[in-house]
1. Pairs, please: C-beta under 8 Å, at least 6 apart or cross-chain, first residue without any contact (Cβ under 8 Å) to a residue 40 or more places away in the chain and in region 386-406, second surrounded by fewer than 20 Cβ atoms within 10 Å (Cβ to Cβ) and assigned to a strand (DSSP E or B)?
2. Taking only region 341-371 into account, find how many residues are over 22 Å from Lys418 (Cα atoms) and either outside any loop (DSSP other than H, G, I, E, B) or under 19 Å from the mean Cα position of the chain (by Cα) (or both).
3. For Thr201, all conditions in the list (1) touching a Leu at 6+ places or on another chain (Cβ under 8 Å); (2) under 17 Å from Thr269 (Cβ atoms) hold save one; what is the number of the exception?
4. Quick check: anything in region 704-726 modelled with pLDDT under 90, under 27 Å from Arg636 (Cβ atoms) and either charged (D, E, K, R) or outside the structural domain of Ser579 (by TED's automatic domain parsing) (or both)?
5. Any residue that is over 28 Å from Gly723 (Cα atoms), buried (at least 17 other Cβ atoms within 10 Å of the Cβ) and of a type in the set (Phe, Trp, Tyr) - is there at least one of those in region 596-605?
6. Being of a type in the set (Lys, Arg) and surrounded by fewer than 19 Cβ atoms within 10 Å (Cβ to Cβ) narrows it down to one residue among Arg395, Arg416; which is it?
7. Provide a single number: the residues in region 574-607 that are touching a residue at least 24 places away in the same chain (Cβ under 8 Å) and within 45 Å of the chain's Cα centre (by Cα).
Amino acid sequence: MITKSKKIKASFVAIITVVLFFALSWYYVSLINQALRAQTFLYLSELGSRGADLVETKVFNELENLRTTGKIIEASDNFDQGHMINLIKLQVAEGNYKRMGIALPNGDVITTDGLAYNVANRPYFQEAIKGKATVSDTINDYTDDKPINVYAVPIFHDNQVVALVLASVTTEDLKKYLEVESFSNQGYSYIVKANGDAVVTSAHANSPGSFENILELLSKADLREGDNLKTINENMATGNSGSYTSFYAGMERHTIYKPLAINDWYMMTVVPTQVVSTQTSQISWYSLMLIAAALLAMTLLFVIILFYQDRSKKRLERIAYIDEVTSGNNWQKFKLEASEILESKNISQCALLTFDIDRFRFINEEYGHEKGDQVLKMVVGILENRMGKQETYARVSGDHFAILCVCDDRDKITRRIKEFIRVLNEQREAIGIKERLSCHFGIYIIEDKKGNLEKIREKANMARIAAKTADNQRWFFYSDAFRKKIGDEKEIMDQMEDALENSEFEMYLQPKYNLHRNAYCGCEALVRWRHPHKGLISPGEFIPIFEQTGFIKKLDMFMLEEVCKILKRWEEKNYPELSISVNISRKNLKLTGFIESVLNITNKYRINRGNLEIELTESSIFEDVDRMIEIGQAFRKYGFKMSMDDFGSGYSSINLLGNLPLDVIKMDQGFFNSRLNREQNHIVVESTINMIKKLGMTVVAEGIETEAEVEMLRALGCDIIQGYYFGKPMTVDEFEQQIFKNE
């Protein structure tokens with residue numbers, strides 16, 4: 001009886017122990033499930049943040065590109081709508097826009113594909129016309145009623161908005177940046193406004209599809225965890241983030257919502273709970289089975305759980321860090337690996353390289369996007385096979401790549417670049433690309449390993465752009481000198497308008513000597529910049545920048561007026577008549593009102609037009625021969641002389657020379673520097689002089705510095721000499737003292 005009682009008692013204790021053990025085990029497993037669930041929400045939140053960063057970066061980059069376009073238009077100082085349209089046509093060809101256009105303050109728009117309509121009632125127009133760059137909510141295109149989003153950036157003139165640069169993209173293009181490349185491609189994202197109205201919906205199979213308002217949709221859903229509908233409303237109204245689990249349309253979903261730094265938009269990042277619950281359930285089942293076996297099994301289970309948890313996290317991270325096109329590293333993975341490499345004490349010097357594939361758009365258009373993707377995969381394959389242990393790479397976007405490599409010396413980097421190009425062109429034939437592939441590289445030697453990688457990449461990109469704009473240069477190293485050059489150029493651009501206003505530009509004159517009359521016969525007007533702090537600045541430092549910005553047009557007109565003032569003064573003082581040649585930039589030749597502007601200035605001072613020589617460079621003449629003939633004939637008709645400068649510097653076309661309306665040919669100094677001593681060169685110069693004179697033109701030799709050169713040219717029949725032998729460029733007062741008063 002006692003034995004039976006003990007057995008009953010023991011059985012009872014055993015049952016209680018087993019029940020308690022399983023209860024504790026179940027509680028333990030529940031804690032694990034909660035931890036995994038929390039980890040899922042945390043990771044989903046990280047993915048949401050990355051997605052938000054991607055969308056913001058895309059939008060801000062597009063707005064920045066349009067701001068740059070606006071600056072170019074502002075610098076051109078021509079706000080005619082047709083002119084502005086021509087300036088942006090190249091960009092719409094290179095960008096992924098549906099179309100671009102210029103909107104006037106009244107809302108009238110002309111697009112790059114020839115359409116015209118009015119957008120004054122569009123909210124984005126009303127926002128941008130106030131001077132703020134913006135992107136629209138999703139709207140329907142006037143032309144085909146399809147959903148689009150429009151970027152709008154103001155163009156300023158005298159601090160007033162005079163037009164807007166518009167660029168539209170299909171909403172479908174924005175959707176490409178919303179897919180959550182994780183959770184086995186089961187996740188998705190969409191964008192709504194703070195009031196819940198849809199901006200960009202998702203076409204993912206797990207999404208609810210198109211909807212009007214997410215808050216209205218959630219009011220009909222079962223909110224099971226996280227924020228309730230009231231909290232979601234309040235958070236989105238006040239710019240706060242949050243999360244919730246909802247059930248609607250037959251599916252339970254985890255959702256993270258975060259505000260974007262764009263309008264009042266919110267990024268909603270979603271993943272079905274079943275995607276993450278499958279593995280969680282499997283882990284839980286294993287846990288219960290192993291706990292039931294023994295306490296030892298519980299310890300083993302703990303190890304297994306940790307193992308599976310770590311493996312799951314790594315798998316999810318791997319998916320998040322893989323580039324969807326090439327299956328290689330994306331920029332997020334690059335930043336992670338690069339940070340670890342730069343923190344390593346075993347690395348002494350590293351460099352970050354950025355590069356792009358030249359004419360990649362042509363490959364996509366000629367061979368198709370699938371072939372373009374093959375090229376990108378080929379590039380990734382080559383990079384993967386050539387990365388060292390402490391090196392990494394990534395496709396940043398499009399055909400743009402980044403590399404972090406060990407930098408022992410610069411020569412090693414350039415050798416690796418050459419080897420990469422060689423292998424690239426070996427392999428492109430295998431995938432059917434006939435054209436040779438080339439790339440431009442920007443290289444930044446990393447000085448501060450703790451520096452911001454985005455800023456480091458920005459410097460490498462600046463060097464890459466410098467390589468693309470330079471002649472025959474495939475790579476460019478970012479350096480202190482390069483940084484200073486950019487700073488100096490910006491300083492010149494910032495000060496050039498004030499310099500003209502403050503009369504810092506001065507006219508210098510270089511004498512010309514007539515070998516037949518043995519007397520001075522004229523001079524060339526040259527510009528100098530007398531900076532109040534830096535002193536005299538060489539034209540070589542500022543003229544190229546003025547050409548680039550278009551400011552050279554104003555400087556040309558300034559110099560022309562200064563020449564007219566001097567000619568008038570000499571006439572009033574009864575000085576001997578001398579001609580003055582003034583250089584005119586190719587920028588002015590393209591202006592329709594250029595001839596009229598010149599006539600207005602010369603009429604203002606009532607000068608003898610025969611004493612004013614319009615001087616054009618050889619390169620500008622042969623850039624547009626028909627335009628030069630038109631201008632030359634007009635100026636000669638009005639009594640001006642026409643001169644070609646730098647003849648023989650590389651662009652001359654002898655067969656056209658006889659058709660050009662020219663009075664004077666200035667032979668480039670390259671004809672004479674150490675060349676007249678050779679008989680063959682002597683014959684070339686003599687024949688050139690004879691040919692020019694037979695065409696009825698005057699021959700001027702530039703850059704003559706020695707008496708021997710003068711006498712040689714005199715014997716060859718040259719008409720006029722200009723160079724240091726007869727006088728260097730000098731101020732007007734010095735010129736008058738030397739030429740008029742001394743004689």
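The values are calculated or read from the model by the stated rules, or taken from the named source; none is laboratory data. Worth saying up front: this structure is predicted, and the values here are computed from it rather than measured. Here the Cβ positions follow ideal geometry from the backbone for every residue, glycine too, while neighbour counts run over all protein chains shown.
1. Gly388/Val406
2. 12
3. Every listed condition holds for Thr201 apart from (1).
4. no
5. no
6. On the way: Arg395 fails: surrounded by fewer than 19 Cβ atoms within 10 Å (Cβ to Cβ).
Of the residues listed, the single one that is of a type in the set (Lys, Arg) and surrounded by fewer than 19 Cβ atoms within 10 Å (Cβ to Cβ) is Arg416.
7. Residues in region 574-607 being touching a residue at least 24 places away in the same chain (Cβ under 8 Å) and within 45 Å of the chain's Cα centre (by Cα): 20 in total.
One line per residue, one yes/no per condition, for (1) outside any helix (DSSP H, G or I); (2) under 24 Å from the mean Cα position of the chain (by Cα); (3) crowded, with 20+ Cβ neighbours inside 10 Å:
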site	(1), (2), (3)
Thr69	no, yes, yes
Asn78	yes, yes, no
His83	no, yes, no
Lys89	no, yes, no
Ile102	yes, yes, yes
Pro105	yes, no, no
Asn121	yes, no, no
Gln126	no, no, no
